[in-house]
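Working notes, beginning with the structure itself.
The values are calculated or read from the model by the stated rules, or taken from the named source; none is laboratory data. Please read all numbers here as calculations on a predicted model, not as lab measurements. Cβ: placed from backbone, ideal geometry, glycine included. Neighbour counts: every protein chain shown.
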Amino acid sequence: MARWLPAGLLVLLVLLALYPMHGTGYGIRTMLQLFMWIALAQSWNLISGLTGYVSFGHVAFFGMGAYTAGILIGTLGWPWLLACLAGGVMAMVLALVIGWPCLRLKGPYFAIAMLGLNEVLRVIVSYYEGLTGGGNGLSLPTLHASVPIYYAMGLVALSVTALTYVIVTSRFGLRLMTIREDEVAAEAMGIDTFRYKLYAFLLSAVGPGIVGGLAARDQGYIEPTSVFPLITTITMIVMALFGGKGTIWGPVLGAVLLFTFQELVWARFIYLHQLLFGAIIITVVLLMPRGILGVLQQKYNLPRTI
Amino acid sequence: MTVVITPTMIGQVIISGLLAGALYAMVALGLGLIFGVMRVLNVAHGPLLMLGAYTTFWLFQLLGLNPYLSLLVSMPLLFLAGVVLQRVLVHRVVDAPELSSLLLMFGVSIALVNLAQLGFTSDVRSVEYLTGSFILGPFAFSKSRVIACAFALAITAGAFVLLKKTRLGKAIRAVSQSREVAQVCGINVQRIHLITFGAASALAAAGGTLVAVMVAIQPEMGQVYTFKSFLVIVLGGAGNYPGALLGGLLLGLIEQLSSLFITTQVNEAVAYVLLVLVLLLRPTGLLKGRS
């Protein structure tokens, strides 16, 4: 099976790369959103799946990227690709500012500190109206670029997944997982835990930052409540958890399954949508906290690099 | 344009801050109890408060019941809801890592808000009961806020007496200090967990009933109170119950002072910066809590 996996992936990649030539506009935008969720779930996995530090404020990086790109495109007229990359850089800057103090906090206190973050950013963005348009939001010039954004989004999803693979198979990844299993022991072994946590945190912020910029460009309009919703953080967590956190393919699998489910089922039950989502969260937490791949890994003794 | 800040204004702001703070303290005490006893961060605390507010609204709307009297309904009702929630869901994640308990409570929170939307629609409701202010010298006291503050202080005091003076309270504190030792001493830990979650939900319900007269009632009204309650228990020291009172009053003051000196909109940002600072510099809270 191990031999067929790379070949299968290659075929899948080629198919996805060729898809825009035949796909409908709706199909392309749906796929683009799927890529976005893969990138988000995978990025969350980088910090929380590997180090065990649960980030409940990851949408903050997404929103930061969206606003950075929005302002650069809308006000300064930057090309969108460059603006989105700048969004990734600004998300990293935010991660540095937040991570420097907060990564020293342990367990539930880190979660509390991260929980407030998106709320606060939303307030700040609403307040600085001159720069951000405040509650009225920010409209970007019209541009029909679904296909280039499709490729860009896909590339980010692929890069974050490749990055996860590289990290999990490296000494750096081993150190992160040591922190997850026992931070005191990790320190006793001479691992500078704070430094590695911070590196992982920074890396986990880039993807959401770029993706946030791309989503802003794709939608053409952003407002504080649409780019900083807590539910986005929860969704990426549930995707990663469902597939298997701390694994390489878990977040991808979780994103694909939940997103497909969402497109097929939730769209038909608009009023029950949130209730169903709540029920899904509760089910995943109670019945399979290790996720699909986590369970398979345990049962069939699969390698760590799955 | 600069606004001249007079001592009267500062006095007024301090009064408003303390009035709001007593309410925060009561609501946060519930959150703090659950965290102290079970190490579970109950993000569904705000939605439970919302249910309390709706209870008051419907009783007022349909039966014309005095909103303050509806405390006698909303608190027992939500106590029961809390016990059911604990019995069915929460007890399964008490020993799980915080990711599980937090996510589970998020699931509950999302579901409760959606249920409220389905059952009560998203229309903004209000209870028109008590308006106007008491005037005392240069200061004005909004009537509904003064009464809310009085009730909140009384209920908080009642909770403290229960915690300090009764056998049940002693058992709750024992479980919060060390579950194993409490169990060895013959305390039924599961039962204490049930009662704690029920009592905490009742405190949230009391908060909902008291704010129902003051603010707009809608399914998403609870979320801000969840965040504020986190702030309060961090400021006061998690697991330190009297600390919740101090934290609540402090949060009320900070909010009001920052709206006076900066602007109302940045309240939350100011409070957040404070939260991170307290977590870093005094992780056990301003009064000594448990690390």
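At-a-glance table
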item: Those residues of region B:85-101 which are part of a helix (DSSP H, G or I) and either surrounded by fewer than 20 Cβ atoms within 10 Å (Cβ to Cβ) or facing another protein chain (nearest Cβ under 10 Å) (or both), in sequence order; result: B:Arg87, B:Val88, B:His91, B:Arg92, B:Glu98, B:Leu99, B:Ser100, B:Ser101
item: First in region B:101-123 and in contact (Cβ under 8 Å) with a residue 12 or more places away in the chain, second anywhere and hydroxyl-bearing (Ser, Thr, Tyr), Cβ under 8 Å, 6 or more apart; result: B:Ser109/B:Thr226; B:Ala116/B:Tyr54; B:Gln117/A:Tyr271; B:Phe120/B:Tyr54
item: The listed residue being surrounded by 24 or more Cβ atoms within 10 Å (Cβ to Cβ), among the polar types (S, T, N, Q), within 26 Å of A:Gly244 (Cα to Cα) and within 14 Å of chain B (Cβ to nearest Cβ), out of A:Ser48, A:Ser43; result: A:Ser48
item: Count of residues meeting criterion [within 16 Å of the chain's Cα centre (by Cα), small (Gly, Ala, Ser) and farther than 25 Å from A:Arg104 by Cα] in region B:243-277; result: 2
item: Residue among B:Leu33, B:Leu41 that is within 12 Å of chain A (Cβ to nearest Cβ) and either assigned to a helix (DSSP H, G or I) or touching a residue at least 24 places away in the same chain (Cβ under 8 Å) (or both); result: B:Leu41
item: Residue, nearest to A:Gly49 (Cα to Cα), within region B:82-100, restricted to residues that are without any contact (Cβ under 8 Å) to a residue 24 or more places away in the chain and in contact with a helix residue (DSSP H, G or I) (Cβ under 6 Å, 6 or more places away or on another chain); result: B:Ser100
item: Matching option when the condition is of a type in the set (Phe, Trp, Tyr) and in contact (Cβ under 8 Å) with a residue 60 or more places away in the chain, among A:Tyr128, A:Tyr150, A:Tyr109; result: A:Tyr150
item: Selected residue [in contact with a Lys or Arg (Cβ under 7 Å, 6 or more places away or on another chain), crowded, with 16+ Cβ neighbours inside 10 Å and of a type outside the set (Gly, Ala, Ser)] from A:Leu103, A:Leu117; result: A:Leu103
item: Selected residue (only one of B:Ser142, B:Ser109 is surrounded by 16 or more Cβ atoms within 10 Å (Cβ to Cβ), in contact with a Gly (Cβ under 9 Å, 6 or more places away or on another chain) and away from chain A (no Cβ under 14 Å)); result: B:Ser142
item: Test: residue in region B:181-191 that is in contact (Cβ under 8 Å) with a residue 24 or more places away in the chain and over 26 Å from A:Pro229 (Cβ atoms); result: yes
item: Condition broken by A:Gly135, with the remaining ones in (1) more than 11 Å from chain B (Cβ to nearest Cβ); (2) surrounded by fewer than 18 Cβ atoms within 10 Å (Cβ to Cβ); (3) more than 22 Å from the chain's Cα centre (by Cα) satisfied; result: (1)
item: Conditions (1) within 18 Å of the chain's Cα centre (by Cα); (2) farther than 30 Å from A:His144 by Cα: number failed by A:Ile231; result: (2)
item: Pick from region A:51-91, criterion touching a strand residue (DSSP E or B) at 6+ places or on another chain (Cβ under 8 Å) and not small (Gly, Ala, Ser), ranking: farthest from the other protein chains (Cβ to nearest Cβ); result: A:Ile71
item: Selection count where residues are in contact with a strand residue (DSSP E or B) (Cβ under 8 Å, 6 or more places away or on another chain) and modelled with pLDDT of 85 or more, scope region B:128-151; result: 2
item: Tabulated pairs, region A:272-293, first facing chain B (nearest Cβ under 7 Å), second among the hydroxyl-bearing types (Ser, Thr, Tyr) and part of a helix (DSSP H, G or I), C-beta under 6 angstrom, 6+ apart or interchain; result: A:Val285/B:Ser100; A:Pro289/B:Ser100
item: Criterion (within 14 Å of chain B (Cβ to nearest Cβ) and of a type in the set (Asp, Glu)) met by exactly one of A:Glu187, A:Glu119; result: A:Glu119
item: Scope region B:219-242; condition within 25 Å of A:Gly107 (Cβ to Cβ) and of a type in the set (A, V, I, L, M); matching residues; result: B:Val224, B:Leu231, B:Val232, B:Ile233, B:Val234, B:Leu235, B:Ala238
item: Any hit, region B:113-126, residues being surrounded by 23 or more Cβ atoms within 10 Å (Cβ to Cβ) and β-branched (Val, Ile, Thr); result: yes
item: Only one of A:Val265, A:Val256 that is away from chain B (no Cβ under 12 Å), touching a residue at least 60 places away in the same chain (Cβ under 8 Å), more than 28 Å from A:Cys102 (Cα to Cα) and in contact with a helix residue (DSSP H, G or I) (Cβ under 8 Å, 6 or more places away or on another chain); result: A:Val256
item: Count of residues meeting criterion [part of a helix (DSSP H, G or I) and farther than 21 Å from B:Met38 by Cβ] in region B:167-224; result: 7
item: Subset of region B:102-136 (residues that are in a loop (DSSP other than H, G, I, E, B) and touching a Ser or Thr at 6+ places or on another chain (Cβ under 9 Å)); result: B:Val127, B:Tyr129, B:Leu130, B:Thr131, B:Gly132
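To keep it simple, each residue is scored yes or no on (1) modelled with pLDDT of 85 or more; (2) under 12 Å from B:Leu29 (Cα atoms).
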position: B:Ala199; (1), (2): yes, yes
position: B:Val211; (1), (2): yes, no
position: B:Glu220; (1), (2): yes, no
position: B:Gly237; (1), (2): no, yes
position: B:Pro242; (1), (2): no, yes
position: B:Leu251; (1), (2): yes, no
position: B:Leu257; (1), (2): yes, no
position: B:Gln265; (1), (2): no, no
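Residues checked against (1) touching a helix residue (DSSP H, G or I) at 6+ places or on another chain (Cβ under 6 Å); (2) within 30 Å of A:Val295 (Cα to Cα); (3) away from chain B (no Cβ under 14 Å); (4) acidic (Asp, Glu):
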site: A:Tyr199; (1), (2), (3), (4): no, yes, yes, no
site: A:Gly207; (1), (2), (3), (4): yes, yes, yes, no
site: A:Ala216; (1), (2), (3), (4): yes, no, yes, no
site: A:Glu223; (1), (2), (3), (4): no, no, yes, yes
site: A:Ile231; (1), (2), (3), (4): no, yes, no, no
site: A:Val238; (1), (2), (3), (4): yes, yes, no, no
site: A:Gly243; (1), (2), (3), (4): yes, yes, yes, no
